[in-house]
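Some notes on the structure that comes next.
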Amino acid sequence: MIVVAVVAILAAIAYPSYKDSVIKGKRAQGRAALMDLLQQQERYMTQTGSYMTFAAGATGANGTTRSGTGVSIPFKTTSGDNPSSAAYSLGAEACPGSLALNECVRVFANPTFTDAAAGTLQAQSTGIKSCTVPGSTVCWK
């Protein structure tokens, strides 16, 4: 009985730490995917003179095109190697405020899992990085 009790106590301590480590790893994957998307957006901006907006996870296939224009999205819109097992769906929108789309774009990563500590990760072409959970300190760590 003592062995069972000790194992139960160790499991109760180890499992939350394991879950936290898994979420941290997924968040790191999301941050890397956002930085890659932001770099692709910068290349697109130099070629076309404007950034591209699109919904999270849109690909240009099956009618999900950029703002209903029929233009396929030339960017990877999920994190990870396989879209079916992606931790985040990526999208892009105009920056809040008065900046035009040829001046600023905000890319975002919507988690496909529950992340109460960070929520959606965001990065702007102006260098501002944030998340949707107010006051969170884990977004970009």
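Readers should treat all values here as calculations from the given coordinates under stated rules, not as data from a laboratory. These numbers come from a predicted model, not from an experiment. For neighbour counting, all protein chains shown are included, and Cβ atoms are generated from backbone atoms with ideal geometry for every residue, glycine included.
Below, the figures for the structure above:
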item	result
Among 88, 113, 23 - extreme Cα towards positive end, dipole of the range 2-131, charges at beta-carbon	23
Among 78, 1, 133 - extreme Cα towards positive end, dipole of the chain, charges at beta-carbon	1
Gain on full stretching of the segment that runs from residue 82 to residue 7 - 0.36 nm per residue minus C-alpha separation	23.4 nm
Extension gain (nm, one decimal) between residue 20 and residue 36, 0.36 nm per residue minus Cα-Cα	3.3 nm
Net +/- balance of residues flanking residue 87 in space, Cβ distance below 13 Å, scoring K and R +1, D and E -1	+2
Amide H contacts of residue 86 (H built 1.01 Å from N, under 5 Å, at least 5 apart or other chain)	none
222 nm mean residue ellipticity, helices alone, for the chain (DSSP H n ≥ 4; -39,500 (n - 2.57); rounded to 500)	-12500 deg cm²/dmol
Cα gyration tensor shape of the range 76-122, rounded if a/c is under 1.5, else prolate or oblate by comparing a/b with b/c	oblate
Vicinal HN-Hα couplings computed from phi for the range 130-141 (Karplus, 6.51 cos²θ - 1.76 cosθ + 1.60; Hz; Gly/Pro x)	7, 8, 7, 8, x, x, 5, 10, 9, 4, 10, 9
Sorted peptide list for 122-129, 96-103, criterion being average Cβ within 10 angstrom, highest first	122-129, 96-103
